[in-house]
Each structure stands twice: as C-alpha cells, then as structure tokens.
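Working notes, structure below.
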Amino acid sequence: MEYRYDHVHFLTRDVRAMTDFFEHVFELELLSYEEDFKGASYSILKLGEGDLRIRGYRPGDEPDAVAPMLTHGLDHLGVAVDDVEAAVARLVERGAEVDMAPVAAGVGGRMIAFIKGPENIRVEICERPRASGEND
C-alpha cells in the first residue's frame, strides 16, 4: 500500500480571512470557494500535489484545540522550499508576519522558519532534504 499526500484541512472562525492569507501571501491557487457547504463556508486551494482545505464552523461544532499552548491538535503546516531565506523574504514582501526567523534548527540542521497566520496558525518553511551526495 502506498500513501501519498492529499490534503490538510483547517477548521477556522473566518474562512475568507484564512483563504485570503494562503491565496495572497503564499500565492496558492484558489480552486473553489463556497459560502454554504453543508452549513459552513468552505474553500480549497492547490498546495503542491495536494490541497489545502479550509472550513468554517458549522452549527454545533465545538473546536477543542488549545493553541497557542500547542498541546493538542494541529501544531503547524510545513511547506518545503529550496531556499528558506529567499522564501521568507518573499513572504514578508507579501505581508507575512515572521514568527521565527530562518535558522539551522530543523532535523539534521536544515534551515527552517515559521510564519504566523490568521487565528494564530503557524506555517513552517523548511528546506527540502538534499539527495545523498548533492552539493550546493
């Protein structure tokens, strides 16, 4: 059995704000937006080989994640790039707020950074792992 990335799904108070953040700051393509999909706003954006899905609260939803304490639920979304510093500079130009500046603190010492998004979400920008024997 082979598993492949399909999507990450955010539940949010403001679907439009979260969608706008990823569409305008990260330049993701908006595939669809519905004001009322089974009782809540819903959007789908293209992210690499999969999707980023964003849904609003439906009547009766009681979210239980306790961010920013980071003790329950989704900690962050990670996206890979070839050059973390260049990516962060571009994101800042587009209005992103840096939560953690680029630093060689990732697994194996690779460069990572964190961007703060709506409702205090965090997006990790990380360098793609290099193939064995690959040079700069």
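The values are calculated or read from the model by the stated rules, or taken from the named source; none is laboratory data. Not measured: the values here are computed from a predicted model. When we count neighbours, we look across all protein chains shown, and the Cβ atoms used for this are built from the backbone with ideal geometry, even at glycine.
Can you tell me which residue within segment 70-103, out of those that are touching an Asp or Glu at 6+ places or on another chain (Cβ under 6 Å) and not hydrophobic (A, V, I, L, M, F, W, C), is modelled with the highest pLDDT?
Of the residues in segment 70-103, the ones touching an Asp or Glu at 6+ places or on another chain (Cβ under 6 Å) are 76, 78, 84, 102.
This time we only want the ones that are not hydrophobic (A, V, I, L, M, F, W, C), so: 76, 78, 102.
On the way: His76: 86, Gly78: 90, Pro102: 96.
Per the criteria, the residue is Pro102.
State yes or no: is Glu85 under 23 Å from Arg16 (Cβ atoms) and in a helix (DSSP H, G or I)?
no
I'd like the full set of residues that are without any contact (Cβ under 8 Å) to a residue 40 or more places away in the chain, surrounded by 15 or more Cβ atoms within 10 Å (Cβ to Cβ) and not charged (D, E, K, R), limited to segment 2-21.
Selection gives Thr19 alone.
Looking at Val123, is it within 22 Å of Leu52 (Cβ to Cβ) and modelled with pLDDT of 95 or more?
When the stated conditions are applied, Val123 does not pass them.
So which residues in segment 34-45 are of a type outside the set (S, T, N, Q) and either within 20 Å of Gly95 (Cβ to Cβ) or touching a residue at least 40 places away in the same chain (Cβ under 8 Å) (or both)?
Leu45
Any idea which of Ile54, Ile44 is among the β-branched types (Val, Ile, Thr), at pLDDT 85 or above and more than 22 Å from Lys116 (Cβ to Cβ)?
Ile44
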